[in-house]
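Asks: If you scroll down you'll find the structure; I have some questions about it.
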Amino acid sequence: VCDDPNDETLFRLQVLYQERVFYSKPVVLPDIILQEAEKKNQPPVSEETFENSMRAWMSTRGEFDYLELEDDDEINRIAREVVRIGNPRIHPVHETAQVTKLMTNCLQRMVSKGIIEVKSKSEVTFRFISDSSTARTGVTLQDGELIRNVVELDGNDDESE
């Protein structure tokens, strides 16, 4: 409540000015707020999406060793997200161990599905198989270790280690 008509007129003029200058324009949110909103709207990362990203990474390389896979920043980021979703309060030391376990389990599943094969057990080298008919080795799991078994598909005996 204003007692002075001049103050009231001045207030009304300020309101009109602010309405024209500020409130008539659309709201523009800062980029950082938009980026955070995009992150929250993305679907949660699952083991399936992690496996798909690993498969895409492997298909670009052909042959690779485990350390290359483990050192890739994008694969590591996705694996850490999967682990954090499964256990949000995990300690960083345990998180690294869980990421390694996740990668190993995923590799074992991919070997059993025939997506990749073990090229060398001693060097932990794998080969991406683009066509399942070219698969030459199978792997079984014995006490958590990868064991190489020769599976003859084409009759050739030359096996590359």
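Here, each number is a calculation from the coordinates, and none is a lab measurement. Being a predicted model, the structure only gives us computed values, none of them experimental. A quick note on method: Cβ atoms are made from the backbone with ideal geometry, for glycine too, and the neighbour counts reach across all protein chains shown.
Asks: Run the reach check for Lys113 against lysines, Cα to Cα strictly under 27 Å, same-chain hits fewer than 8 apart removed. What comes back?
Replies: Of all the lysines, those that pass the test against Lys113 - Cα under 27 Å, at least 8 places apart if same chain - are Lys101, Lys121.
Asks: Please sort 55-61, 6-12 by packing, taking for each peptide the average over its residues of neighbouring beta carbons within 10 angstrom, highest first.
Replies: Packing order, densest peptide first, comes out as 55-61, 6-12.
Asks: Please report Leu67, Leu29 as a ranked list, fewest other C-beta atoms within 10 angstrom at the top and most at the bottom.
Replies: By the 10 Å Cβ count, ascending, the order reads Leu29, Leu67.
Asks: 7 Å from Cα along Cα→Cβ at both Asn76 and Thr60: what's the point-to-point distance in nm?
Replies: 1.6 nm
Asks: Between Val28 and Gln108, what length comes free when the chain is fully extended (0.36 nm per residue of separation minus the Cα-Cα distance, one decimal in nm)?
Replies: Once the chain is fully extended between Val28 and Gln108, it gains 23.9 nm.
Asks: What order do you get for Ile85, Ile33, Ile78 when you list them from fewest to most C-beta neighbours inside 10 Å?
Replies: Going from sparsest to densest Cβ surroundings: Ile33, Ile85, Ile78.
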